[in-house]
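In what follows, a structure is listed as C-alpha cells, so that the remarks can point back to it.
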Amino acid sequence: MTVPSPSPSPSPADSSAPPLLETREVGKVFGSVIALRGVSMVLHAGEVTCVLGDNGAGKSTLIKILAGVHAHDGGEYLVDGSPVRLGGPREALDRGIATVYQDLAMIPLMSVWRNFFLGSEPVTGPLRRFDVARAKRVAREELRDMGIDIRDVDQPVGTLSGGERQSVAIARAVHFGARALILDEPTSALGVKQAGVVLRYIARARDRGLGVVFITHNPHHAYPVGDRFLVLNRGTSLGQFAKADITREELTSLMAGGAELDHLAHELGRAAADTTPGPASAGPGTT
Amino acid sequence: MTVPSPSPSPSPADSSAPPLLETREVGKVFGSVIALRGVSMVLHAGEVTCVLGDNGAGKSTLIKILAGVHAHDGGEYLVDGSPVRLGGPREALDRGIATVYQDLAMIPLMSVWRNFFLGSEPVTGPLRRFDVARAKRVAREELRDMGIDIRDVDQPVGTLSGGERQSVAIARAVHFGARALILDEPTSALGVKQAGVVLRYIARARDRGLGVVFITHNPHHAYPVGDRFLVLNRGTSLGQFAKADITREELTSLMAGGAELDHLAHELGRAAADTTPGPASAGPGTT
Amino acid sequence: MTSVPADERLAGAGVLRRLLVRPELGSVVGAVAVFAFFSSQSAVFRSADGVANWLDPASTLGIMAVAIALLMIGGEFDLSAGVLTGTTGLVMVTLATRFGWNVWLAMLAGLVPALAIGFLNGLLVVRTKLPSFIVTLGTFLMLQGLNLGITKAITGTVQVGGLRRADGYEGARAVLAGSVTVGGVDFRVAIFWWLAVTALATWVLMRTRAGNWIFAIGGDEQAARAVGVPAARVKIGLFMTTATAAWLVGSIMALRLSSVQANAGIGQEFIYIIAAVIGGCLLTGGYGSAVGASIGALIFGMADKGIVFAGWDADWFKFFLGGMLLLATLANSLVRRYAEEARR
Amino acid sequence: MTSVPADERLAGAGVLRRLLVRPELGSVVGAVAVFAFFSSQSAVFRSADGVANWLDPASTLGIMAVAIALLMIGGEFDLSAGVLTGTTGLVMVTLATRFGWNVWLAMLAGLVPALAIGFLNGLLVVRTKLPSFIVTLGTFLMLQGLNLGITKAITGTVQVGGLRRADGYEGARAVLAGSVTVGGVDFRVAIFWWLAVTALATWVLMRTRAGNWIFAIGGDEQAARAVGVPAARVKIGLFMTTATAAWLVGSIMALRLSSVQANAGIGQEFIYIIAAVIGGCLLTGGYGSAVGASIGALIFGMADKGIVFAGWDADWFKFFLGGMLLLATLANSLVRRYAEEARR
Amino acid sequence: SGGDGGGQAGASASTSSARPAGGQAGAGGTYAVITHGAPGDSFWDVVKNGAEAAGGQYGAKVTYQGDGDPAKQAQLIDQAVSEKVDGLVISMANPDALRESVTKAVAAKIPVITINSGADNSKELGAITHVGQSEEVAGRGAGEKLRAEGVTKLLCVIHEAGNVGLDQRCNGATATLGGTVERLQVDVSNLADATSKIKAKLQADTSVNGVLTLNPAVAVAARDAIADGGSKARLATFDLSADVVDAIQAGEILFAVDQQQYLQGWLPITFLYLYKNNLNTVGGGLPVNTGPGFVTKDNAAQVAKLAQGGTR
Ligand SMILES: Nc1ncnc2c1ncn2[C@@H]1O[C@H](COP(=O)(O)OP(=O)(O)OP(=O)(O)O)[C@@H](O)[C@H]1O
Ligand SMILES: Nc1ncnc2c1ncn2[C@@H]1O[C@H](COP(=O)(O)OP(=O)(O)OP(=O)(O)O)[C@@H](O)[C@H]1O
Ligand SMILES: [Mg+2]
Ligand SMILES: [Mg+2]
C-alpha cells in the first residue's frame, strides 16, 4: 500500500488571498488528556476541506477550536490570514463561521423553530420583538427544502428522532452560514436520502463561495465533495492532501488499514453469496 | 423498479419453536404524535433482523418497545411466544434482552468502568461489595477486544468522543447480552475500522445463537449480516422480508427512492472525474 | 394562525387538550380546585371582600415569583431576593425619615443598591461558575447582616419607621400601596402591578430574543453559548431583573407599613421559589412560564389565607398548608400529565 | 493499583494534581483556610477546648449533611429532614416521659415514624413524578403542623421535657450524647458517630452496587433505568436513609437536651443542603461525595462558631458568615478548577 | 410591681451614681449575654442595648449572642465557658435543655445570672440571681387588662410557631381573660401577609373583639388589619416601638405590655460587675422583677422618645 506524501505547504485554491481559516501546529490538552497535537490545516473560500480519522482522533476537538468553543493551547489559528484567539462561539459567528456540533446541538426542551433561530432571532417592529410568525415560517420552509418533514415546528426538539434533530441543526447552520460552514459528522445519523440532501447542500454552499469543513467517517461521502483532506490519527495529523494528490482508495486505506477490511468482508456473512457484496449500483448518497 | 412483496407470514428460521421476540400490529402514540402504527416483526434465535427506514420512521420507537422502555399502545408483543407487557427495561433485561439505545446511553459524569457495569455490577465477598478491581479489568479488556483504546477507564464518559461513547455502549451490551441483542444505529458514529468490528460482533453473537435486532441506515451494513429486513416508513411497516426474497438493490431502493440517488451523484462533484464515483474496492466495512 | 395541512401522523388533539398542554393551564386546575374547596368552607372566602383580601398577599408574592421564575427558567436561583426587599425598604425609609429626602427620591435611591446587588450576584455566578445557590446564599447572609448592622448603627433600633410624615408619602403610597375601589370593595393597587409584571414577563419570554435566550441558557447553557447566545449577559440581566422586582416589592411594603424591620423578607426567598415551582417551573431550568408562577403565587396565597378563613386550628396551620400545596400540585401535575404524555 | 502502561496521549499528572482532582480534597482547602483564619483571630478557637467546641455542632450537622449528600447525588432533595429530627425527638421524649417507656425503647419507637415518613416521601416522589423539592416541602409543612399540633394536644405546651428522669436515660445518653475525654478535653460522642456515618456512606458510594446506582440515577435517571437500575427502589431507599439519619440526630439532640421543642429542627434543612453543596455536591445530582459533605459541615461549623470566638458583633454575624462561606467555596472551587480542567 | 415611664429614668440615674464604685478599675471584666432571642428581634435588641450600655459604663466588655434553638444556645454557653468569661447572663426559656451547659459554667466558677424566663430553675442550677419575670406573668397582666376593657373573645397572634415564650404569653392571657382565646400564626418577616391574615380572621369570625399581638411590628400590622376590615376589635400588644407608641397616642392600640427589658440587660451586667469587684449579691437570690409595666395613652408621650432611641 502506498501512502501519498502530503503536500508540504497546502497549495492555495486559485488566488493569493489568505485562506479563510488556517491552523498552524495547534494543540489542545484537557487536564492530563492530550487531545490534539501540532495539527495544521487550511480552508479556502469555495472549497471543502474534509477532516477524516478514527474515533477519538481529535476531529471534534479541532473543529471546536475553529468554532471558538475551545481555546487552542499551542500553535496559531488564523482567520483571513491574521492570528486570532477567539473568546467564544459568538466571536466565531460574528466572523461568519457557522458550526454544527456533534454533541452540542440543540436545547431539548425548546421547540424546533425556537432552536432554529436561537442566537440569530429575526426581530421586527419598533420594540424589536421576536418575529415569531416569520421564524416559524422560515424554519418550516428550510426544513421542507431539506427533505425533512417535521410534523410540527412547535414540537420540542427533545422528542425528535436522532436524525430529525441532526437535520434541524444542519438546516440552521446552512441558513446562517455566512462564509464558513463547519459540519461535524452531519450525515452519521441520517438516512440514505437525507444524507444525499446534505451532501448536495455542501456542494451548493461551496459553489456559492463558502468554505466548508466537513467531518465524516465515510470516504464515499468525503471524496466526491472534498477538495482537501486532513487525516488525523490519535491526536496528530497524518497530513493534509489536495484531491489531486490522493485517490479514493489511498484515502480509504489511510483511514483504516485496508487489508484488514478485505478480510472482514469474508468473515461476516454465512451464505457465500453474501461474503463479497459486489459494488452496489447506487451513488455516493447510498453508502 | 420492482418492489418485492413481503412474505405474508414470516417463515420461521429453522424450527417450530416460537420466535424469541415477536410483535403483532403494535403501535405507539405520544400525545398527539403517532410514532408507530401496526408494525409486525419477528426475531428468531440465531438470526439477525435488520430494521431499516428513513429518519423519523419509528425505528427507535419500535426497539424501545421491544426493550421495555415504552409500553405499546396497540397490538401484541410476544416473548418466547407468550404475550407480555414489560413494566420496564429491568424486566426486559431479566428476560435476556440487552439494548444499545441511540439516545439513552451513558451517564456522562460517571467513569467508563462504572458505566460499563451499571445495573449488572459484579459483587464479591460476604458483604456483596462491588468488585471494583474486576470491573475495571473486565471493562478495559472488553474495550480493547473491540479495538477501542480508551486512555483510562476512570475517565468520565462525558469527556469521551462520540464514537468512543458508542463503542463503550456496544461493548457493554455484547458483554451482557444473554439471548437477544438490540442495537440502535450502533455504527453511525463509528469509524470504518470500528464499524467493521461491530459488524463482526453481530455476526459472532448470531453464531452463538443470539437473536440480534440491528438498526442502520446503511444497506451495505445491513445486507451482509441480516437474515430478515423490516422496512418502516413514516410510522408504518412496508413489510418484513426474508433475505431470500429480496436483493440488496431492491432493499436499497425500498429504503430511498433509487432514481433520485442516481441523479444526485451527477450533481455533487464539480470535476467530471468525480461525478460517478466508481464502485470502491472496499468491502462492507468501508461503506 | 398557520394554514399548513395537518400531517397524517398527528392524532386529532381536541381544543381542550391543546389548551391543557400549556404549562399555565395545568396549574389553573390546581388554583380552581383550591378556590372551590375553600369557597365551600367559608362564605367570606368567596365574597368580594374575601377575594380582595387574599389577592393582596398573592400580589406581592406574585411579582417576586414571576421574576424568580424568569431566573429559574434561565437555570439559576436567587436566595437573596427576599432579604433584598427588606434592604430596599430600609434604604428608602431611612433616607426619607432620617435624612429628610422626598419619598419618591428615596425610593429611586433604593433602586441603586438593588441593581448593584443583582449585578454582583450575576457577575459572581458567571465568573466563578459556582452554583448560584451558593453565591446567592452568601449574599443572602451578608445582606441580612448588613440590614441589621447598618440599621442598628444608624437608628439604634432594629426598625425604622415614621415614613408617614415624610414628603411625598401620600402620592407614592397612592401609586404603589393604595387601593382602588371596585364595586364597593377595596382592591390593592399592587394587584394591578402584579398583572402588569406578569404580562410584561410573558411578553419578554414568548416574544423577544431575550426570552428565547433565557429558555436556551436554562435548557443547555453550553449549547446556547455554542450558537452565540451571550449567556453571561443574559444571566446578569436576570439577576438584575430579580433585584428590580425586589425593589418594587420592598417599596410597596415600606409604603404600606410606613416602617421596615431589619429582618424583613427573611425566609420569603423560598416562598418565591415554591410559587414558581407550583406554577410549573423546573428546578433544573429551561422550562416554565410567568403566568404559571403567578398562578402558583395565587394558589399559595389562597391556601395560606383559606385556612384562616375556614377557621381551622392555628396549631395545625402548617399541616393543612402542606397538605393543600401537595394536593394542588398533584392535581396540576395529573392534569398536565394527561395532556402532555408527549413530552417525556 | 493497575500496571497498565501509560498511554502516550496522557500528559504526566503530578501526585498533587491527582489528589486535588478528588472532590473532597478541593473542599479541604476551604476548611484549612477557614481554620487558619480563625486560629489567627482567637487563641481559644485553636485550643483543644475550642476545637471540641466547634466539632460538636459540626458533628450533628455532618451526619445529616452526609445523608443529604447521598440523596442529592441521587438527584433529589429532602426539605423535611430538619423537622424530622424534631419529630423523632418529640416521639421519643413523649413516650419516655408521658407514657413511662424505657428510653431505649422510646428511641427505637421514634425510628418507626421516621422510616414511614422517609418511605412516604420516596413513594410520592417516585409515583407522582413531582419534583422532590415540592413533595418534601409538603411533608416539611405537614410535619411542622403535626409536631406542634400533637405536642400541644398531649402536653398543652410547645415543649416536652424531663427525659432525665426516665428509665435508661443514662445509658442511652452515654452512647449517643455523652463525651469522651481525650487529653483532658471532653469531646462529644457524636463526633465519632459522624466519622462512622461518613465512612459508611463513602464505602456505600464507592464500593457497592447501590453506590453505583445512586450516581447513575442522579446523573441521568432515564439512562439508568434503561440499563435496569431499579431507580424507584434506590430513591425510596435514599429517602429512608435520610430519615434514619434524622432519627439518629434527633435522638442525639433529645438525649443531650433532655427536652424537645415543637419547632426543633425547622430551618436546618437548608443548612444540610448548604453543607453538602459547599462540599462539592451538584444540585443537579450525579456528582459529589460523602467526605465532601462532611467537610462542608466542618467549614460551616467552624465559620459559625469562629465568628463568636473572634468576638465580632452579633449584629454583623450573618454578614461575616456569608462572607466566609463565599470565600471558602471560592477557594475550594479555584483549587478544583485548577486541578480539574479536564472535566468540562 | 408595675414600673412605668419613670422607671427608666431611675435606672439611668442609679447607674451613673454607681460608677464611682468600680468604674476606676481599668478592665471591668468580660461578660457574655446569651439569650433565646433571634438576632434582629426588637424585644431582645433592647436587652442587648441595655447590656452594652452597662458594659460601657463600667469599662467592661460585653458580648451578646442569641439563638432561638436551645441546642445552639447551649453551644454558645459552652463557647463562653471555654473563653473563661467573668460572668454569664442567660435567658432560660428551656431550662431543661440548658441545664447541662449552665451546670458546667457554674462548675467552672463562672457567676451566672438568669434573665427573663427560667426564674423557677434559676437557683437550683446555681445562678446567683434572676432578673425579670416569666412571659407567663406578663401574659396574665395583659389578659387582666383586656378583660377590664370588655374583651370576651381574644385573638392571640403568634409570629413564631413553637416559640416557648410566645406560647407562654398566650397561656397567661388565657388564664386571666376568662373568655375565649384563639391563636393565629403569622410570619413576622412578611408583615403585609400578616395584615391580611389577621384581617381574614376578623372577617371570618366577627365575634372576635380583641387582638393581642406579641411583637410591635405585628401590632402595627394588626392595627392596619383592624382599620381595613372595619372591625371593632380592641388591640393590645407586647413591647414597644416608635410606631406602637404613636398608635397608642392615637388610641388605636389600648396599651403595650412593657417588660422594661432594658433592665434585663442593664441590671445583670451591673450585678455581675459588682459581684466580681465587690462580691455583692442582690436580693439574696430572690428574683428581681423588671415589670410588667404598661404603656398607655397616659404615659405614651414620655416613652415615645425613649423608644426611638432603643432603650424602651
Ligand atoms: N473535555 C474533555 N476532557 C477530557 N478528554 C476529552 C475532552 N474532550 C475530548 N476528550 C478526549 O479527546 C479525544 C479526542 O476527542 P474528539 O471528540 O475530538 O474525537 P473525534 O475525532 O471527534 O472522535 P469521534 O469520531 O468518535 O467523534 C478523545 O479521546 C476524548 O476522550
Ligand atoms: N417522546 C416523544 N414525544 C413525541 N414525539 C416523539 C417522541 N419520541 C419520538 N417521537 C416522534 O416519533 C417519530 C419516530 O421517532 P423515532 O425516534 O422512532 O425515529 P427513528 O426511526 O429512530 O429515526 P432516526 O433514524 O432519525 O433515529 C419521530 O417523528 C419523533 O418526532
Ligand atoms: Mg467527534
Ligand atoms: Mg432513531
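The values are calculated or read from the model by the stated rules, or taken from the named source; none is laboratory data. This structure is a prediction, so every number in the text was calculated from the model and none was measured. All Cβ positions, even for glycine, are placed from backbone atoms using ideal geometry, and neighbour counts span all protein chains on display. Ligands, DNA and RNA are excluded from the accessible area calculation, which covers all protein heavy atoms including side chains. Shrake-Rupley method; radii C 1.70, N 1.55, O 1.52, S 1.80 Å.
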Over the stretch C:44-332, with every protein chain in place, what whole percent of the accessible area is carbon and sulfur at 1.4 Å, could you tell me?
68 percent
Amide H contacts of A:Arg129 (H built 1.01 Å from N, under 5 Å, at least 5 apart or other chain)
A:Thr124
Kindly tabulate the residues in the stretch E:35-60 with an accessible-area decrease of at least 40 Å² between the chain alone and the assembly of all protein chains, using a probe of 1.4 Å.
E:Pro39, E:Gly40, E:Asp45, E:Lys48
Using a loss threshold of 10 Å², tell me which positions in the stretch E:207-241 are less accessible in the complex than in their chain alone. Probe radius 1.4 Å, ligands and nucleic acids ignored.
E:Ala217, E:Val220, E:Arg223, E:Asp224, E:Asp228, E:Ser241
Relative contact order for the stretch C:44-332, counting Cα pairs under 8 Å that sit 6 or more residues apart, in percent
36 percent
Once you have the alpha carbon radius of gyration of the stretch C:47-104, what is it after dividing by 2.2 N^0.38 Å, with N set to its residue count?
1.53
Hey, can you grab everything whose amide H is under 5 Å from the amide H of B:Thr99? Only 5+ residues off in sequence or another chain; H modelled, so Pro and N-termini drop out.
B:Ile182
Estimated [θ] at 222 nm from DSSP helical runs (n ≥ 4, -39500 (n - 2.57)) normalised by residues in chain D, nearest 500
-24500 deg cm²/dmol
Any idea of the total accessible area buried by the A-B contact, 1.4 Å probe, rounded to 100 Å²?
5400 Å²
Which value in nm describes the separation of the simple spin-label points at A:Leu127 and E:Thr281, placed 7 Å from the Cα toward the beta carbon?
7.7 nm
For chain E, what proportion of DSSP beta bridges, expressed in % and rounded to the nearest 5, is antiparallel?
10 percent
What's the buried accessible area, both sides, between D and C using a 1.4 Å probe, rounded to 100 Å²?
3700 Å²
Two pseudo-spin positions, 7 Å from Cα along C-beta at C:Phe119 and at B:Arg137, lie apart in nanometres by 6.2 nm
Out of the DSSP beta bridges found with both residues in the protein assembly as shown, what percent are antiparallel (nearest 5)?
50 percent
Based on Cα positions only, what radius of gyration and what Dmax would you give for chain E, in angstroms?
19.6, 63
Which residues of the stretch C:219-252 bury at least 40 Å² of accessible area once all protein chains are present, versus their chain alone (1.4 Å probe)?
C:Gln222, C:Ala223, C:Ala226, C:Val227, C:Gly228
With the charge dipole of the protein assembly as shown built from beta-carbon charges (+1 for Lys and Arg, -1 for Asp and Glu) about the Cα centre, the Cα from E:Asn163, D:Leu325, D:Thr202 projecting farthest to the positive end belongs to E:Asn163
Output row E,D: buried area (accessible, probe 1.4 Å, summed both chains) in Å², nearest hundred, equals 2700 Å²
To the nearest 10 square angstrom, how much accessible area does C:Met240 have with a 1.4 angstrom probe?
60 Å²
Which distance in nm do the two modelled labels at D:Arg233 and E:Lys305 give, with both placed 7 Å along the Cα-to-Cβ direction?
7.8 nm
Taking a quarter of the surface of the convex hull around the Cα atoms of the stretch A:128-203, what do you get in nm²?
5.8 nm²
Please report, in whole Å³, the volume per residue of the convex hull around the C-alpha atoms of the stretch A:94-162.
116 Å³
Per residue, what volume in Å³ does the convex hull of the Cα atoms of the stretch D:44-332 enclose?
136 Å³
Just the accessible area for B:Asp227, please: 1.4 Å probe, Å², rounded to the nearest 10?
30 Å²
Spelling it out for E:Val288: with amide H atoms placed in the peptide plane at 1.01 Å from N, the residues 5 or more places away or on another chain with amide H under 5 Å from its amide H are E:His130, E:Val131, E:Gly132
I'd like the accessible area for C:Lys318, computed on protein heavy atoms only with a 1.4 Å probe and all protein chains in place. Round to 10 Å², please.
50 Å²
For the stretch C:233-344, what number results from the quotient of the Cα radius of gyration and 2.2 N^0.38 Å?
1.26
Over the protein assembly as shown, with a single point scatterer placed on each C-alpha, what log10 of the ratio I(q)/I(0) does the Debye formula yield at q = 0.04, 0.05, 0.06, 0.07 1/Å?
-0.30, -0.47, -0.65, -0.85
With every protein chain left in place, what is the accessible area per residue of the protein assembly as shown in square angstrom, probe 1.4 Å?
34 Å²
Among the Cys residues of the protein assembly as shown, which have no other cysteine Cβ under 4.7 angstrom away?
A:Cys50, B:Cys50, C:Cys281, D:Cys281
